[in-house]
Amino acid sequence: MTNVTNLPDPGVILNLDTHKRDPKDVKEPFIVILAGRKITFSDPGDIDWQDLAAIEVPADLFSVALTPEDRQHFRDQRIPGWKFNDLMKSYYTHYDFEEKIRAAKRQANF
């Protein structure tokens, strides 16, 4: 599948208005149970780039990856550090987030 098309406007290389995500990059939702409630974490690839850019520490990703209701439920719970660490690791692994970060850094260094 190619995203480069012949467009009437010279110089256009990628048309973001018609650009589609490759189906192989779409993952099943990441869902956890916390205090009896099912919580769905968004795919980082579906989160607005401006929200991602504003993240200062990895845990802040959850503030943009949850619905407002799930975010409040999540914040209301006491979670031991070891469980939170396992949650972070599982979430990052599920969406191949660490590999995507490494790839982006490699590309930025070129």
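Please treat every number below as a calculation from the coordinates, not as lab data. In this text the structure is predicted, and so the values were computed from the model without any measurement. When we count neighbours, we look across all protein chains shown, and the Cβ atoms used for this are built from the backbone with ideal geometry, even at glycine.
Scanning segment 78-110 for residues that are under 20 Å from A65 (Cα atoms) and of a type in the set (S, T, N, Q) yields N85, S90, T93.
Can we say T18 is in contact with a Pro (Cβ under 9 Å, 6 or more places away or on another chain) and among the β-branched types (V, I, T)? It is false that T18 is in contact with a Pro (Cβ under 9 Å, 6 or more places away or on another chain) and among the β-branched types (V, I, T).
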